[in-house]
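Undergrad: Dropping a structure here in C-alpha cells format, bear with me for questions.
Computed from the coordinates by the stated procedures, all read-outs in this text should not be read as laboratory data. The structure displayed is predicted, hence computed values, not measured ones. Here the Cβ is made from the backbone with ideal geometry for all residues, glycine too, and neighbour counts use every protein chain on show.
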Amino acid sequence: MDDMELLQEYASRGSEDAFATLVSRHIDMVYSVALRHVGNPHNAQEITQAVFIILARKSRALRRKTIISGWLFQTARLTAANFLRSETRRTHREQGAYMESNSHEGGDSAWKQIAPFLNDAIASLDEKDRNAIVLRYIKGMSLKEVGAALGWSEDAAKKRVSRAVEKLRIFFGHRSVTVSGAVLTGSIAAHSVVAAPTGLALAVTAAALKGTALTASTSILVKGTLKAMAWTKAKIAVAAGVVALVAVQSYEIASRNKELASLRRQALAQNAKPAAEPAQTGSQELEQVRADKMNLSNEVLKLREQLAATKPLQPEVKFSQNAAQENPGRLLGLAVAQGDPTALEKLMAMAKAELQYFNTNGVGMNDTERDVLSRQTFAPLQAAFDAITDEATKGNQAALQALSTAIQIPELQGPAIHSAGILAGNGDEVALQILLNPKDYQVPLSSTIDALKPAADNGNQKAIDALAAVATTQTNKPCGAWRQTVWEMQPHLETLLPLTRSLPCREIRTKM
C-alpha cells in the first residue's frame, strides 16, 4: 500500500498497523529534518513525536493527492521553527555544534556548507518542486517512481527535478555556497537522512495513537504548530481571493475600455456623416455619445481605484517627513532601526518573497541576465539594510542589535554581513568581532573575507591580520575570494604578499 492508502486506512478504520507502517517509513527523514534545525537529539525526538501526532490528527483532512513525504518534511520544518522561537539562543549553539560534529563525521566538505541551509532551501521551493526533491533525493526514489507518485511521466519528472535542483543552487549561491548540481544532489542523497534512535518509532506511534507519555511541552508544541498551519492556510486563501478579485476587476476594466473605444469609433463615424443630415439631430447624438463616454471614464476611474485598494499595504511607518518619496524597503529599514518589534519579521518575510521570486524567474538565464534580475529583485532589501547601516553608523543601538540578529537569519545573512563590513571599516569593534569569529555566528568564511576588506582598507590591523591568517591556513584555501580581495588591497599589499607565499593556489603565485 502507498502512503495515502495507509493514511486512509488509519483515518477510516483506525488501523494502528497502517499508521505504524507510515511512521516506520518516514521517521528517519522527519527526525533528520528536526535535528538539522535544532541540533539537539532530545529536542529532535520531541519534534518528531509532535509531527506524527499532527499527522494522526489531520489524517481525515488531508486531500487524496497529498504527497505524504513532502507534507511531513514541511510539517517537521514548521514544527522545528515553532520550537526554536522559545529557545533560539541555546538551540543556535546546539545546532552549530551538531553541524560541526556531523560534518567531521561525514568527511564531506560540501555537506558541511549545505547542511545549515538545506531545510530552508527545500522549503523555499513551491509544493511540486519540493515534493519532487524530497522524493528523489531524500526518499531515494527513481525518476520513474517520482513521476508515478506525482502523476507525471518520467521525462516530465526529470525536467521538474532538474529545474528544482537549479533553484536550490541559486538559493545556496546567495549564501556563498557554490556547488554543482551533481555535488548538491549527491550530498543531499548521502547525508540528509540519519537513522532515528532505536525505539523512537514505537514511542512516536504510541503517542500519536493513544496519547501515552505525552508531555506538556509536546502538547503545546503540537497546538502551536496546528495554529501556524491554520494561519498559513488562511493567508493563502486570502491571497487567492485577492488575486481573483484583481483578475475580475481587471477584466471589467478591459471590458469598459473596449466599450469606450467602441463609443469613440461611433463618435468619429457620426462626425463623418453627410452634411445634409439634420445638424440638430447629429449634435444631440454626439452630445449623448460624449455623455456616455464621460460616464464610462468615471466608472473606469472607480474600478482602478478599487484595484489599487486590493494591493498589499506597505508597513505603516511614521518616521520621515518625506516618507512618500522613500521606497518601502528603506521605510522598513528605518522601522527596524527605531526598534519596531515586528519590523524585522516583516523584513524577513520580504526577503523570502524576493528570494522566491528570484528563484522562480531566474531559471534558464545567463549570468548577465541573472545579475540584472538580482539587482532589481533585491533592491528593496538592500535599501532596507542601507537604512539600518546608516543608523548603526550613528550609534543607534536598535540598528546594531538588528544587524547582529539578522546575521543569524539565513534570508538576511548576506546583506547583514555586508553591513557589518561597512561598520567594521568605520571602526565598530562589535561588527569587527563578528567578522573575526565567523564560526560563532555560522557565517561562511568566504563572505567574511569580502566583508573585512573595508576595515583592512582603513588600516585596521586586526582585519589585516585576519585576512593574512586566512591566506596561511591550509584547510581554508578560499583562493577565488582571497585573490580578488588581496589584489584590490593596494595599501596593504606589501604586508600580505609574504604571507601568501605558503598558500597552495597557483593563480595567486602566478600574479605574485
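Undergrad: So how far, in whole Å, is the C-alpha centre of the stretch 375-435 from the one of the stretch 109-169?
TA: Comparing the Cα centres of the stretch 375-435 and the stretch 109-169, I get a distance of 33 Å.
Undergrad: Right, next: Give me a comma-separated list of calculated 3J(HN,Hα) values for the stretch 52-64, in order, Karplus coefficients 6.51, -1.76, 1.60 applied at θ = phi - 60°, integers in Hz, x for any Gly or Pro.
TA: 6, 5, 4, 4, 5, 6, 9, 4, 7, 8, 5, 6, 4
Undergrad: What GluC sites (Glu not before Pro) in the stretch 118-227 are in a loop by DSSP, with at most 16 other Cβ atoms within 10 Å of the Cβ?
TA: Numbers: sites: Glu127, Glu145, Glu154, Glu166; in loops: none.
Loop-located and lightly packed - none at all.
Undergrad: Distance cut-off 23 Å, Cα to Cα: go down the list Lys394/Lys453; Lys128/Lys159; Lys128/Lys346; Lys159/Lys346; Lys112/Lys139; Lys65/Lys158 and report the pairs above it. Show your work: numbers first, answer last.
TA: Values: Lys394/Lys453 21 Å; Lys128/Lys159 12 Å; Lys128/Lys346 26 Å; Lys159/Lys346 34 Å; Lys112/Lys139 21 Å; Lys65/Lys158 20 Å.
Flagged as over cut-off: Lys128/Lys346; Lys159/Lys346.
Undergrad: Residue-wise, which Karplus ³J(HN,Hα) couplings in Hz belong to the stretch 180-187, taking 6.51 cos²θ - 1.76 cosθ + 1.60, θ = phi - 60°, and x for glycine or proline?
TA: Values per residue, Gly and Pro as x: 6, x, 5, 5, 4, 5, x, 5 Hz.
Undergrad: What is the local net charge at Met348, summed over the other residues whose Cβ is closer than 14 Å to its Cβ (Lys, Arg +1; Asp, Glu -1)? Walk me through the numbers before you get to the answer.
TA: Details: positive: Arg85, Lys346, Lys352; negative: Asp120, Asp340, Glu345, Glu354, Glu411.
Computed value for this residue: -2.
Undergrad: Let me ask something else about it. Summing Lys, Arg as +1 and Asp, Glu as -1, what charge do residues with Cβ under 13 Å from the Cβ of Tyr31 carry, Tyr31 excluded? Walk me through the numbers on the way to the answer.
TA: Numbers: positive: Arg25, Arg36, Arg77; negative: Asp28, Glu46.
Summing Lys/Arg as +1 and Asp/Glu as -1 gives +1.
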